[in-house]
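The values are calculated or read from the model by the stated rules, or taken from the named source; none is laboratory data. Please read these numbers as outputs of a predicted model, since none were measured by experiment. As a convention, Cβ positions derive from the backbone with ideal geometry for all residues, glycine included, and neighbour counts pool all protein chains shown.
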Amino acid sequence: MASFQLPRRALLALVLGPAAALAQATPSASEQKLIDTLILRVSKMTTMTFMRNGDEHNAADAAKHMQAKFDHFKDEITTAEDFIDRCASRSEMTGKPYKIKMPNGSMRDANEFLNAELRTLRQGGGSGKPGAG
């Protein structure tokens, strides 16, 4: 009886091929622009306080931190949503979610807040006031 097993190389290519492609993923030009715009918008949110692991950070420091994380994880990010999830939502060290203290004192989850900002950008609201989303 003939064997219908795939040759070992073909099997490895099937299994590892997509993983290798993802390992070298980078954002498209349009997604990169959205990521850059989100970081810029955060840097201008001077009336908000960004909470990371219980510590307060101003807008400029929050934006620098997001940029540094993006630079580190860039090969694993293909979309602005990936960026928010990987670089702007939670601590890699503690797993604690990031929070944003709004000007009125209320707290918002950074993931939810930044995804709302992203929706505004995707709908063409890029020139609007940051934090309105």
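Before moving on, here are some points about what is shown:
- Some residue of the range 83-93 being at pLDDT below 95 and either over 16 Å from GLU117 (Cβ atoms) or among the aliphatic types (A, V, I, L, M) (or both): yes
- Single residue of the range 67-82 satisfying the filter (under 8 Å from the mean Cα position of the chain (by Cα) and part of a loop (DSSP other than H, G, I, E, B)) that is farthest from ARG119 (Cα to Cα): ILE77
- Any hit, the range 95-106, residues being closer than 22 Å to GLU31 by Cβ, surrounded by 15 or more Cβ atoms within 10 Å (Cβ to Cβ) and within 11 Å of the chain's Cα centre (by Cα): no
- Candidate set: the range 42-58, residues that are of a type outside the set (D, E, K, R) and assigned to a loop (DSSP other than H, G, I, E, B); chosen: the one surrounded by the fewest Cβ atoms within 10 Å (Cβ to Cβ): GLY54
- Consider the range 8-34 and keep the residues that are over 16 Å from PHE113 (Cβ atoms) and surrounded by 13 or more Cβ atoms within 10 Å (Cβ to Cβ). The one that is modelled with the lowest pLDDT is ALA13.
- Close pairs (7 angstrom Cβ cut-off, 6 or more residues apart or separate chains): more than 21 Å from THR79 (Cβ to Cβ) in the range 28-51, among the hydroxyl-bearing types (Ser, Thr, Tyr) and crowded, with 17+ Cβ neighbours inside 10 Å anywhere: PHE50/TYR98; MET51/TYR98
- Every condition in (1) surrounded by fewer than 16 Cβ atoms within 10 Å (Cβ to Cβ); (2) of a type outside the set (Ser, Thr, Tyr); (3) touching a strand residue (DSSP E or B) at 6+ places or on another chain (Cβ under 8 Å); (4) in contact (Cβ under 8 Å) with a residue 24 or more places away in the chain holds for ASP61 except the one numbered (4).
- Residues that are out of contact with any strand residue (DSSP E or B) (no Cβ under 8 Å at 6 or more places or on another chain), assigned to a helix (DSSP H, G or I) and touching a residue at least 12 places away in the same chain (Cβ under 8 Å), drawn from the range 83-115: PHE83, ILE84, ASP85, ARG86, CYS87, LEU114, ASN115
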